[in-house]
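The values are calculated or read from the model by the stated rules, or taken from the named source; none is laboratory data. This structure is a prediction, so every number in the text was calculated from the model and none was measured. Counting neighbours? That spans all protein chains shown, and the Cβs are built from the backbone with ideal geometry, glycine included. Accessible surface is based on the protein model in full, side chains and every heavy atom, while ligands, DNA and RNA are left aside. Shrake-Rupley method; radii C 1.70, N 1.55, O 1.52, S 1.80 Å.
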Amino acid sequence: MDSWIFWLILAAVLGVAEIFTLTAALGLLGAAALLTAAVAAIGLPTGVQLAVFVLSAVSSLAILRPIAQRHITQPPPRRFGISALVGKSAYVTREVNGREGRVRIGGEEWSARAYDETLVIPAGATVDVIEIEGATALVYPRE
């Protein structure tokens, strides 16, 4: 069997393996094997083929893989609107109990209820926003 066929088969196997792993590493190794297949088809000796494979594999993994990883990795989705208020701290402006109250969240005043309906949170306390129901913040006191 000619050596270029071996490198071509290796490139195909690595390409298929990349489809299942999605790491970008096996695809780059497959591209190095494909380049080596071209070198082998020209008729260069096995030592040169191995050198081409190693050099192209190492350089592509060192240079191209970090670039590919940056494009593959997505930043976490940004929360906006009322869902962005969940987890924030708030300042109680009017006593909060299980039915009513007022809090200031990031400069805006919201109607509020205690998340635990048995609690009474005095004005001036700092609370955490646990949930938003409509236009009402469900809050729990910080300890």
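Brief remarks follow.
- Rounded if a/c under 1.5, otherwise prolate or oblate - the range 11-64, Cα gyration tensor axes: oblate
- Here the peptides 28-41, 69-82 are ranked by packing, the mean other Cβ count within 10 Å, and the order with the highest first is 28-41, 69-82.
- Segment Arg65-Glu117, length gained on full extension (0.36 nm per residue, minus Cα span): 13.4 nm
- Other residues whose C-beta falls under 15 angstrom from the C-beta of Ala114 contribute a net charge of -3, scoring Lys and Arg +1 and Asp and Glu -1.
- FRET efficiency, 1/(1 + (r/R0)^6) with R0 41 Å, evaluated for Ile82 and Ala17 via beta carbons: 0.35
- Label corresponding to percent of Cα pairs over 22 Å apart when calculated from the structure given, among (1) 41; (2) 59; (3) 55: (2)
- Report summary: the helix-based calculation at 222 nm, which adds -39500 (n - 2.57) for every DSSP H run with n ≥ 4 and divides by the residues of the chain, gives -15500 deg cm²/dmol.
- Per residue, the range 23-86 exposes 65 Å² of solvent-accessible protein surface, assessed with a 1.4 angstrom probe and all protein chains in place.
- When the solvent-accessible area of the chain is split by element, carbon and sulfur atoms take up 65 percent of it, the probe being 1.4 Å.
- Computed magnitude of the charge dipole of the range 1-142 (debye, nearest 20; Cβ of K, R +1, Cβ of D, E -1): 300
- Positive dipole terminus of the chain, leading residue within Ser83, Ala57, Leu14 (C-beta point charges): Ala57
- For the chain, with +1 on Lys and Arg beta carbons and -1 on Asp and Glu, the positive-most of Trp110, Ile72, Leu138 along the dipole: Ile72
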